[in-house]
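> Take a look at the following structure, please.
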Amino acid sequence: MSDAPHTPIAAADVPRHVGIIMDGNGRWAASRGLPRVEGHRRGVETLRRTIRAAGEIGIKFITIFSFSAENWSRPASEVGELMGLLRRFIRNDLAELHKSGVRVRIIGERDELEPDIARLLTEAEELTKGNTNLTLVVAFNYGSRQEIVRGVHRAMKAVAEGRLKADDITADTFSGFLDAPDIPDPDLIIRTSGEQRLSNFLLWQAAYSEFVFVPTFWPDFDRAALEAAIGEFRQRERRFGGLVAKTGS
Ligand code: IPE
Ligand code: IPE
Ligand code: MG
């Protein structure tokens, strides 16, 4: 399906940054009588296709929610399988991503991760840091409230060290203390599986994002579904508090 012919979307109409909450792997598997991990495996294939499609469509930044700070509360076996899939994804796909000009960035708490995973994440960022086609931001062990608290700690440290005055903390300057301060806010956030909530994803950055919730389980998401979500985004009037429509970024 992802390779089906399609009408190109004009570059000016493409959201610069798309966030994706990849949800519904477990239900996809359960509906087929398969173990949940099979849904996660298929989810990785969907991710590969989606990154390729995003690059072709002309999206410049894509942030994917791949493991939340709250997902540790799942059974240890499922957590272990998800960690294994991340390891395999980086080992198998990093060279290809690099060749395609993808820059990989990671947001989330890294200190709590197993050392080999933390090393792989750093390796992916280091290898691809000069790439400019598409930035893939991986939210891993990520929770937005936790990220904001990390930002508060960084800002307080800057104040304590005399690099920042407390009075100079504004919404703009505070953004600079979040995990990826150089990445623009998402224009569009897509969540698959029919759930209509953020589940602690990019709370600060989503202040003026458009949301598109699709019923499809993540393993069944494809290029046509991505283009349909962008089509819906293009119908929205973004006002940013004013009276007239404005373009986002
Ligand atoms: C999304 O699918 C993947 C992760 C959260 C890691 P789920 O595993 O949440 O699948 P459902 O929501 O139970 O169907
Ligand atoms: C959000 O999905 C996290 C990821 C997609 C990685 P969840 O499936 O964990 O969210 P809830 O529990 O349904 O809110
Ligand atoms: Mg879920």
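The values are calculated or read from the model by the stated rules, or taken from the named source; none is laboratory data. Treat the numbers as computed from the prediction; the structure is a model and nothing was measured. Every residue, glycine as well, gets a Cβ built from its backbone with ideal geometry; the counts of neighbours run over all protein chains shown. Only protein heavy atoms, including side chains, enter the accessible area calculation; ligands, DNA and RNA are left aside. Shrake-Rupley method; radii C 1.70, N 1.55, O 1.52, S 1.80 Å.
> Have a look at Arg163, Arg191, Arg239, Arg223 and point out the one that is charged (D, E, K, R) and in contact with a helix residue (DSSP H, G or I) (Cβ under 8 Å, 6 or more places away or on another chain).
Within the list Arg163, Arg191, Arg239, Arg223, the selection yields Arg223.
> Just one of (1) surrounded by 13 or more Cβ atoms within 10 Å (Cβ to Cβ); (2) closer than 19 Å to Gly143 by Cα; (3) within 16 Å of ligand 1 (Cβ to nearest atom) trips up Ser73, so point out which.
Of everything listed in (1) surrounded by 13 or more Cβ atoms within 10 Å (Cβ to Cβ); (2) closer than 19 Å to Gly143 by Cα; (3) within 16 Å of ligand 1 (Cβ to nearest atom), Ser73 misses just condition (1).
> Could you check region 102-121 and list, in sequence order, the residues that are over 16 Å from Met83 (Cβ atoms) and of a type in the set (Val, Ile, Thr)?
Val102, Val104, Ile107
> Further question on the same structure: Do the conditions hold for Arg191, that is, is it within 16 Å of ligand 3 (Cβ to nearest atom), among the basic types (Lys, Arg) and under 14 Å from the mean Cα position of the chain (by Cα)?
Spelling it out, Arg191 is indeed within 16 Å of ligand 3 (Cβ to nearest atom), among the basic types (Lys, Arg) and under 14 Å from the mean Cα position of the chain (by Cα).
> Name the pairs: first residue in region 225-239 and among the basic types (Lys, Arg), second residue part of a helix (DSSP H, G or I), Cβ to Cβ under 9 Å, at least 6 apart or on different chains?
That search, which allows pairs on different chains as well, returns Arg234/Asp13.
> Given the conditions (1) surrounded by fewer than 17 Cβ atoms within 10 Å (Cβ to Cβ); (2) modelled with pLDDT of 95 or more; (3) more than 17 Å from the chain's Cα centre (by Cα), and given that Phe177 satisfies all but one, which numbered condition is not satisfied?
Phe177 satisfies all of (1) surrounded by fewer than 17 Cβ atoms within 10 Å (Cβ to Cβ); (2) modelled with pLDDT of 95 or more; (3) more than 17 Å from the chain's Cα centre (by Cα) except (1).
> Given the options Pro219, Pro215, name the one that is more than 21 Å from Ile183 (Cα to Cα) and touching a Phe, Trp or Tyr at 6+ places or on another chain (Cβ under 6 Å).
Of Pro219, Pro215, the one residue that is more than 21 Å from Ile183 (Cα to Cα) and touching a Phe, Trp or Tyr at 6+ places or on another chain (Cβ under 6 Å) is Pro219.
> Here's something else I'd like to know. Name every residue in region 90-107 that is open to solvent by less than 80 Å² (accessible area, probe 1.4 Å) and either at pLDDT below 95 or out of contact with any strand residue (DSSP E or B) (no Cβ under 9 Å at 6 or more places or on another chain) (or both), in order of residue number.
Asp93, Ala95
> Of the residues Arg110, Arg41, Arg32, Arg48, which single one is within 16 Å of Leu136 (Cβ to Cβ) and open to solvent by 20 Å² or more (accessible area, probe 1.4 Å)?
Arg48
> Between Ala118, Ala207, Ala155, Ala171, which is without any contact (Cβ under 8 Å) to a residue 40 or more places away in the chain, small (Gly, Ala, Ser) and open to solvent by 70 Å² or more (accessible area, probe 1.4 Å)?
Just one listed residue meets the conditions, Ala207.
> Only residues in region 17-46 that are part of a helix (DSSP H, G or I) count as the first member; pair them with residues that are among the aromatic types (Phe, Trp, Tyr) and more than 7 Å from ligand 1 (Cβ to nearest atom), Cβ under 6 angstrom, at least 6 apart or cross-chain, and list the lot.
Val44/Phe89; Thr46/Phe221
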